[in-house]
Amino acid sequence: MTDATDLLPGLEERFYEHRGTRIRAFVGGSGPPLLLVHGYGGGAWNFTAMQPYLQGRTLIVPDLPGHGASTPLPATSTLRGFADALVPLLDGPVDVFGHSLGGVVALRLAERHPQLVRRVVIAAAAGISSSTRLARLTIALVGIVQPGRIAGRRADRIAGSRRLRNAVFGPSEVSNPDLLTERAVHGFLRAPTLHTDAIGAGLALAADDPRQELERVRSMVLVLWGARDRQVPVEDGFEYARRLRAPLRVIADCGHLLIGERPEVCASAALEFFG
């Protein structure tokens, strides 16, 4: 059994207040600060597979509002509130790595608080396809059914079984479930068992098309994508790259959960970009 408290070793659990919302974050390390922002239905522990490859950085890894051990926002209809909730975690400018929903939140943070964001990596960022009617219905359904909470209660069995890993993570989540370590599986499945209002983020995501404001992002951005992403198509990556005038790096034979499937490649690309 993997103890959830050991999924981000060496990082200290801290709590921050933001307008009635209590945000949990894991903080530690040494070097330039790097904020890691997880995706919809995820949590800080999603980055457990990437953490060992991010040496030389002070990591700040929050649970977004309503996710993990963070309480929900009192009310918000867009992702601006989620971005603003991260401000109390930051003592000064940071680099930001955002996955899926976290990619859009990272861009909102850069747009609204440019003095706090140096460079941004968006990995399989949601926000474009997420604004379609079908995507809105899917997001709402996932929020109601909460499959992650169901799977999280069986994390030990899933992590230890190749058949169950394939059933839970393939093919919609990753291209090759065999590349997921047991720790990575726990990192993806543990947080949903604590969620209090993940659907709020999903509805905000579906209602918030970021394309109209991307020209206001002044930070340099790298777009990172899995070539076999079946949740957020690589075409969205091309559109983000075009609108942001940003380089696009596509990881071959890799799905949506690239931070767990190919964590070393994601970390290497990010650190090289951040400099």
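The values are calculated or read from the model by the stated rules, or taken from the named source; none is laboratory data. These numbers were taken from a predicted model, which means no experiment stands behind them. Counting neighbours? That spans all protein chains shown, and the Cβs are built from the backbone with ideal geometry, glycine included.
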**Message:** Return the pair list, or none, for Cβ contacts closer than 6 Å from residues in the range 77-103 that are over 20 Å from L214 (Cβ atoms) and of a type outside the set (A, V, I, L, M) to residues that are modelled with pLDDT under 95 and not in a loop (DSSP other than H, G, I, E, B), at least 6 apart or on different chains.
**Reply:** P88/H18
**Asked** So which helices (runs of 4 or more DSSP H) are wholly in the range 158-275 and hold at least 1 residues that are among the basic types (K, R) and under 21 Å from R108 (Cβ atoms)?
**Response** 234-244
